[in-house]
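Every read-out reported here was derived from the displayed coordinates using simple, explicitly stated rules and does not represent laboratory data. Quick caveat, the model's predicted, so the values are computed rather than measured. Note: ideal-geometry Cβ built from the backbone for every residue, glycine included; neighbour counts use all protein chains shown.
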Amino acid sequence: MSDDWLEGDLDDAMVENRTSRTAETRESQTRKVEWKPPSALDAPHPPAGFQQRWLRAEAGAYQDSKNIAAKLREGWELVRADDPSAQNFHAPVVDSGRYEGVIGVGGLLLARIPVEIARQRNRHYKEVADSRMEAVDNDMMRENSHPTMRIGKPDRQSRVSFGGPRSSEG
């Protein structure tokens, strides 16, 4: 008697128990999706060459149109929900009023500005702050005329220590 019938049954059983290689590799390639707490201020990624931030449109129950008008004059533009960069993003949208159709949440509106304009703006405000700080220092040094109460040039460097002895103590 031949064992051909036995081999045929074994081959069928092996085929039924065998998993496909694509299923094996697919399981090993998928990353675990980690849960993270939701953020009320998630936003779609800005297009290349732009940066985004949330602008205050309301403070309490009061419209802050002065803030929005100033930001628009600086070069910010409001991001609308129908903007191509926001198409695949489910964001809260203002449904009525002056800002209808703009991405917004809790009195804040999403706006974007070209990166180059933002750099120029930041440079301007840094120069203004540095100028004011220099004026305060000069004023302090001018008032520093009493010979027994000299104030040294201000040291604007911060230091962080973690409870160890100070370097001057040993």
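Overview of results
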item: Which of D137, D83 has the fewest Cβ neighbours within 10 Å, and the rest in rising order; result: D137, D83
item: Three-way shape call for the stretch 68-122 based on the alpha-carbon gyration tensor, with the a/c threshold at 1.5; result: oblate
item: Calculated log₁₀ intensity ratio I(q)/I(0) where the Debye formula runs over C-alpha points of the stretch 102-141, q = 0.28 Å⁻¹; result: -0.86
item: Footprinting exposure proxy for F50, F89 (fewest neighbouring C-beta atoms within 10 Å first); result: F89, F50
item: Charge sum, other residues only, whose C-beta stays under 11 Å from A86's C-beta, Lys/Arg counted +1 and Asp/Glu -1; result: 0
item: Cβ-based exposure ranking for V136, V93, V33, V115, in which fewest neighbours within 10 Å come first; result: V33, V136, V115, V93
item: Prolate/oblate/rounded call for the stretch 31-90, Cα gyration tensor, a/c under 1.5 rounded; result: oblate
